[in-house]
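Below is one structure, written out as structure tokens; the observations come after it.
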Amino acid sequence: MSRALSLSPFSVINPINKRLIVKMSAIATKTVLKPPAHPTYDLKAVIQLALSEDAGDRGDVTCKATIPIEMEVEAHFLAKEDGIVAGIALAEMVFKEVDPSLKVEWYRKDGDSVHKGLQFGKVHGRAHSIVVAERVVLNFMQRMSGIATLTKAMADAASPAYILETRKTAPGLRLVDKWAVLIGGGQNHRMGLFDMIMIKDNHISIAGGIKNALKSVDLYLEQNNLQMGVEVETRTLEEVNQVLNYASTNKTSLTRIMLDNMVVPLSNSDVDTSMLKEAVDLINGKFETEASGNVTLETVHKIGQSGVTYISSGALTHSVKALDISLKIDTELALEVGKRTKRA
């Protein structure tokens, strides 16, 4: 059973594409992608909360009523649709939290493709422990796999631009959601309000314009001796020019310009990216660029050809379609039922 992440699953772990060797079974060594960094997020506490809300004040009364306490079984993970599997490392943390004696073996790793009907892992040990952990494990894995599956499709289509998620994540699950994006081949936007300055429309309105907002940010960073990424949102070509004019006459910490809603939807379900391309040409590589708005699986390829550095999509995490995964002891019957319902 994997132990690498369980030693300190919630310590600050370095971000994008930092990999760790983890022993996934007695006979195979595979790689698993670490969760992104966060200074205060306690992943173990999130797992404990998920288990606690399931157990309540009595625990699993159905298990207690139907299953002998020392009975041992073997249960198999079954994919019921095609996609990218994610949450394997997190599932191991859950199993360890419930019962460290459980033995887990995987035939796939986070980020691998699975197909409908594939058995891609198994867990062996006390039946009580497996059934108690089952729903929490699957809730995490199904959500993460859904995010990873859409991210992979979007990232492939967006190339050469990089796909990013946003802060539109499930409350309390931000690190988990953003971890799934990494597993799916995307990159992380800022984790929260603390790790990047992002000047958005409301900040600009309150500050009295883009130049005032940028000037205030530069002064704040200098006075507090801080270094971090700075992004500013622009909605028109005029605003892009205002940013460029400010940067040409002032020392600035600006690193990225967001080009918001410069992708214009057309009546034939296509999009017009001419405004976006014009903005990218104006910026001419002086800053990173990020396209936002009207980003879908159908439009992301065309947006990615505009020359932008990044494309951000809130849909990766705010409109999650979970990947159908189950954990079954009687896999033959599960497959029979799955075929009857076209889910295996």
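See the values below:
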read-out: The chain: angle of helix 174-183 to the longest principal axis, Cα-based, in degrees nearest 10; value: 90 degrees
read-out: Share of pairwise Cα separations in the stretch 181-293, more than 24 Å, in percent; value: 29 percent
read-out: The stretch 263-337: proportion of alpha-carbon pairs further apart than 21 angstrom, %; value: 47 percent
read-out: Translational D in µm²/s for the stretch 45-96 (Stokes-Einstein at 25 °C, 0.890 mPa s, Kirkwood Rh from C-alpha pairs); value: 177 µm²/s
read-out: Dipole of the stretch 44-182, positive direction: furthest Cα of 89, 121, 73, with charges on the beta-carbon; value: 89
read-out: Estimated vicinal HN-Hα couplings, Hz - the stretch 223-232 in sequence order (Karplus 6.51, -1.76, 1.60; Gly, Pro = x); value: 5, 9, 6, 10, 10, 7, x, 10, 10, 10
read-out: If the convex hull is drawn through the Cα atoms of the stretch 193-234, its volume per residue in Å³; value: 66 Å³
read-out: Proximal lysines relative to residue 64, as straight alpha-carbon distance under 24 Å, when same-chain residues fewer than 8 apart are discounted; value: 96, 103, 122, 328
read-out: Calculated Rg and Dmax of the chain using C-alpha coordinates, Å; value: 23.1, 76
read-out: Cα-projected label distance for residue 170 with residue 332, points at 7 Å along beta-carbon direction, nm; value: 3.5 nm
read-out: Inter-part distance where the stretch 251-279 and the stretch 178-241 are each reduced to a Cα centre, Å; value: 17 Å
read-out: Beta bridges per DSSP with both ends in the chain, % antiparallel, nearest 5; value: 55 percent
read-out: Interchain or long-range residues, amide H under 5 Å from residue 117's placed H; value: 79, 80, 81
read-out: Kirkwood Rh and Cα Rg combined as Rg/Rh, the stretch 138-213; value: 1.10
read-out: In sequence order, calculated HN-Hα J values of the stretch 95-110 (Karplus, 6.51, -1.76, 1.60; Hz; x Gly/Pro); value: 4, 5, 5, 6, 7, x, 7, 5, 10, 10, 9, 10, 10, 9, 10, 3
read-out: Cα-projected label distance for residue 342 with residue 52, points at 7 Å along beta-carbon direction, nm; value: 4.3 nm
read-out: Global geometry of the stretch 107-173, whether rounded, prolate or oblate, following the gyration tensor of its Cα atoms and the 1.5 cut on a/c; value: oblate
read-out: Förster radius 51 Å - calculated FRET efficiency between residue 253 and residue 124, Cβ distance, rounded to 0.05; value: 0.40
read-out: Unit Cα scatterers, Debye sum, the stretch 65-184: log10 I(q)/I(0) for q = 0.10, 0.14 Å⁻¹; value: -0.34, -0.62
read-out: Karplus (6.51, -1.76, 1.60) ³J(HN,Hα), θ = phi - 60°, over the stretch 158-165, in Hz, Gly and Pro reported as x; value: 6, 3, x, 6, 9, 8, 10, 8
read-out: Solvent-accessible ranking of 143, 235, largest area first, probe 1.4 Å; value: 235, 143
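The values are calculated or read from the model by the stated rules, or taken from the named source; none is laboratory data. What you see is a predicted model; the values in this text were computed from it and never measured. Here Cβ is always computed from backbone atoms with ideal geometry, including for glycine, and neighbour counts include all displayed protein chains. These accessible areas exclude ligands, DNA and RNA; they are computed on the full protein's heavy atoms, side chains included. Shrake-Rupley method; radii C 1.70, N 1.55, O 1.52, S 1.80 Å.
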